[in-house]
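Enquirer: Sending over a structure as structure tokens; questions will come in a sec.
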Amino acid sequence: MTTFTPGKAYNFHVIGLKEENDIKYICLSDGLKDTYRVRPYDYQLEWEEFNIPKKMNCFVKEVNIWGLPYLVQDRKEILKFCYADLKTEYPFKVVNIGIDSNTNAKYYELKDSFGLYHRYYPKSNDPIHVIGDIFNLVVNDIVDKGFNKVTLNFEYPVDLVATTHIVTTEISNDPRQESPFGYESATTEFKSSIVFPAGAIEPNIDRQLAFILKTIAGFQNAHGGELYLGVNDSGFICGINDDFRYLNSSQTDTFTYTESKDGFELKIRNTVKQTMGGISNSHIDFNFNKESNKEFLLLKIKEVNRPVYVNGIKLFQRTGNMTQLLKGDEITYFIENRLQLRKSVIKEIEITDALLEEVIPENTQVIPHTKTAEVEIHHFNLPPLDSLFEKNSIWYYLTFYATGEWSFQKESVTASDVMIELPIYNSCKKGRIIMAYHNGCVNTVVPYDLINNKNNASRTPKKEGKRYNNGYNVKGIIKELYCLPGDYYLVFESKDRVSDTLYTKIHKVSDISAHNGLHSEGNVLINPRFNGELMSVKPLPNFIGHLITGLTFKDSQTSSTLGIKSNDKDYKSSFQTLKALLDRYGRFWGN
């Protein structure tokens, strides 16, 4: 094991992001056999495979009696990365106002768009701010005071400092005053490129598009806005012409784009659709312009009255001239506000191609609004499930027998040894058979692949009506059995055997790995290592996904957590909505 000394920085290999007991960590290695962890900042929670650094410097604050270090990130390295462009304005939000215990000077505690905290001591002629205000400061330099005490040297922009001079018609030297696009604000953002990140000289289209997607989602989760591409931070046109030849430089996108405006638009649209969905994509208008042979693009981004997630899990919102990652109770408050917004939508919703993902049939009854959680979910014109699963649309019945055998056929079986029978609807034949066992394991199988023997070397389809062995896993007792489309959700309710504390978590069906046979043990969803005992597994349809995001977990969290405590006050609203949804749709499944 490496010997660590408090007060020194060490270089570690970055393994990746992991979650333990609902807390996220960056996992590190010393290059030998030992691993360590350090808490991430907000912007690091946005890391994807393509932009996770290979190495990271960390500072040792102290070492315990076993020689293990308490690590924090090297602040100088972090600030150099986040503030690559010095002498430039950056937005900050006031989160607290305090008095320095040593000097009795007033200071603002600030939070930046990266999730870092700073202190700013205002000058006598600076504008006065209150908690929640967002304003710009010019970052002049990064100051290292030793022992990982690294601060920003910043000041108020000269043109915004309050003075006692009489206002005249003298022209300001602020270059933004001359810009045809004005200032960056709550509804305006400038990006010089979709290929080159700020301060970088090497192209990295994946990383830069990740920043742009964050801005688009932030506008759509606020009040909309305008994103100028090919316009620098000062509001002057620099052009996107040089971006065209890098459109196919992505490490993740295998599609081939033409080096033109059409290819430029298609690249952005494909990335938005794959990362944030069709609804988000349909709320963006592209307006190409040209000045002095420099192409630039105005994206007019419309507000979306449902949460827009990046990669299904990250929720951003534009506040002032900064885009913030929402976390914890911020997400709950945002969802509640979006619910209020949707209440104001007219009852008769015009169905367009862009809104087909909502799956709202024309004849759905609209129930008048009251203050109960149940009515809030009805108010969204959510359809009854029996309108999506017609009884005459059954593909096959899947029958399980007490002998451990199984069969499939067009008609229901009446034999005395039938243990359970599962209808497979046509809309689900390429979905998942869900077999939830009492031991917390869940096996999922694609019905079409099972019946057509797609995972067998012979590929010979199985015979209708014939009984086959290995109908289920003998190590467990089947607790729940469903056949669902892959984009539906499963609500897992469990309890801690020791404390009897109840937990809830939700996973998308497709996030649970599919197996070849019905007899597979499956994946651990409720982990006995955490004293978890599975209580129930209940399905919910895909079109209510935006209502349950606060309780929905990633595929990487299938076995790493029991979920959220059912009495957690921060999630009270989410649990009320979930109960109403289960009351509405649980009856269809016989629960």
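The values are calculated or read from the model by the stated rules, or taken from the named source; none is laboratory data. Note that this is a predicted model, so its numbers are computed, not measured. Using ideal geometry, Cβ is built from the backbone for each residue, glycine included, and neighbour counts are taken over all protein chains shown. For accessibility, only protein heavy atoms count, side chains too; no ligands or nucleic acids. Shrake-Rupley method; radii C 1.70, N 1.55, O 1.52, S 1.80 Å.
Enquirer: Among the listed residues N148, N136, which satisfies the condition of being more than 16 Å from K93 (Cα to Cα) and open to solvent by less than 40 Å² (accessible area, probe 1.4 Å)?
Expert: Numbers: N136 fails: more than 16 Å from K93 (Cα to Cα).
None of the other options fit; the residue is N148.
Enquirer: Across the range 450-484, which residue is modelled with the highest pLDDT among those that are open to solvent by 50 Å² or more (accessible area, probe 1.4 Å) and within 33 Å of the chain's Cα centre (by Cα)?
Expert: Among residues in the range 450-484 that are open to solvent by 50 Å² or more (accessible area, probe 1.4 Å) and within 33 Å of the chain's Cα centre (by Cα), the one modelled with the highest pLDDT is K479.
Enquirer: Still on this structure: Output the number of residues of the range 50-74 satisfying the condition of being under 13 Å from N11 (Cβ atoms) and either of a type in the set (K, R) or open to solvent by 80 Å² or more (accessible area, probe 1.4 Å) (or both).
Expert: Selection size over the range 50-74: 2.
Enquirer: Working carefully through the options G218, G239, find the one that is modelled with pLDDT of 90 or more, touching a Ser or Thr at 6+ places or on another chain (Cβ under 9 Å) and more than 30 Å from F334 (Cα to Cα).
Expert: Numbers: G218 fails: more than 30 Å from F334 (Cα to Cα).
The match here is G239.
Enquirer: Here are some conditions: (1) open to solvent by 30 Å² or more (accessible area, probe 1.4 Å); (2) part of a strand (DSSP E or B). D85 meets all but one. Which one does it not meet?
Expert: (2)
Enquirer: Within the range 227-244, is there a residue that is assigned to a helix (DSSP H, G or I) and either open to solvent by 50 Å² or more (accessible area, probe 1.4 Å) or closer than 26 Å to R306 by Cβ (or both)? Steps first, answer last, please.
Expert: Step one: filter the range 227-244 for residues assigned to a helix (DSSP H, G or I), giving 241-244.
Adding the requirement that they be either open to solvent by 50 Å² or more (accessible area, probe 1.4 Å) or closer than 26 Å to R306 by Cβ (or both) leaves 241-242.
Scanning the range 227-244 turns up at least one residue that is assigned to a helix (DSSP H, G or I) and either open to solvent by 50 Å² or more (accessible area, probe 1.4 Å) or closer than 26 Å to R306 by Cβ (or both).
Enquirer: Going through the range 315-324 one residue at a time, which ones are on the phi < 0 side of the Ramachandran plot and open to solvent by 20 Å² or more (accessible area, probe 1.4 Å)?
Expert: Across the range 315-324, the qualifying residues are Q317, T319, N321, Q324.
Enquirer: Tell me, yes or no, whether the range 91-101 has at least one residue that is touching a Leu at 6+ places or on another chain (Cβ under 7 Å), assigned to a loop (DSSP other than H, G, I, E, B) and at pLDDT below 90.
Expert: Checking the range 91-101: not a single residue is touching a Leu at 6+ places or on another chain (Cβ under 7 Å), assigned to a loop (DSSP other than H, G, I, E, B) and at pLDDT below 90.
Enquirer: Turning to a different aspect of this structure: How many of the residues making up the range 102-119 are over 19 Å from D141 (Cβ atoms) and not in a strand (DSSP E or B)?
Expert: Result for the range 102-119: 6.
Enquirer: Is one or more of the residues making up the range 402-418 touching a helix residue (DSSP H, G or I) at 6+ places or on another chain (Cβ under 7 Å) and either at negative phi or open to solvent by 50 Å² or more (accessible area, probe 1.4 Å) (or both)? Can you show your working first?
Expert: Going through the range 402-418, the residues touching a helix residue (DSSP H, G or I) at 6+ places or on another chain (Cβ under 7 Å) turn out to be 408.
After this cut, where a residue has to be either at negative phi or open to solvent by 50 Å² or more (accessible area, probe 1.4 Å) (or both) as well, the list is 408.
There is at least one residue in the range 402-418 that is touching a helix residue (DSSP H, G or I) at 6+ places or on another chain (Cβ under 7 Å) and either at negative phi or open to solvent by 50 Å² or more (accessible area, probe 1.4 Å) (or both).
Enquirer: In this structure, does R269 turn out to be over 21 Å from E184 (Cβ atoms) and either without any contact (Cβ under 8 Å) to a residue 40 or more places away in the chain or not in a strand (DSSP E or B) (or both)? First the steps, then the outcome.
Expert: Values: over 21 Å from E184 (Cβ atoms): yes; either without any contact (Cβ under 8 Å) to a residue 40 or more places away in the chain or not in a strand (DSSP E or B) (or both): yes.
Answer is yes for this residue.
Enquirer: Consider P122 against the criteria (1) more than 19 Å from K87 (Cα to Cα); (2) in a loop (DSSP other than H, G, I, E, B); (3) modelled with pLDDT of 90 or more; (4) not aromatic (F, W, Y): it satisfies all of them except one. Which criterion is unmet?
Expert: Status for P122: all satisfied but (1).
Enquirer: Right, another one. Restricting the first residue to the range 428-452 and requiring it to be farther than 24 Å from S559 by Cα and free of Cβ contacts under 8 Å to residues at least 40 places away in the same chain, which pairs with a second residue that is surrounded by fewer than 23 Cβ atoms within 10 Å (Cβ to Cβ) and not hydroxyl-bearing (S, T, Y) meet a Cβ separation below 7 Å and a spacing of at least six or different chains?
Expert: Qualifying pairs under 7 Å: K429/W395; K429/P447; Y448/K429; Y448/K430; N452/P461.
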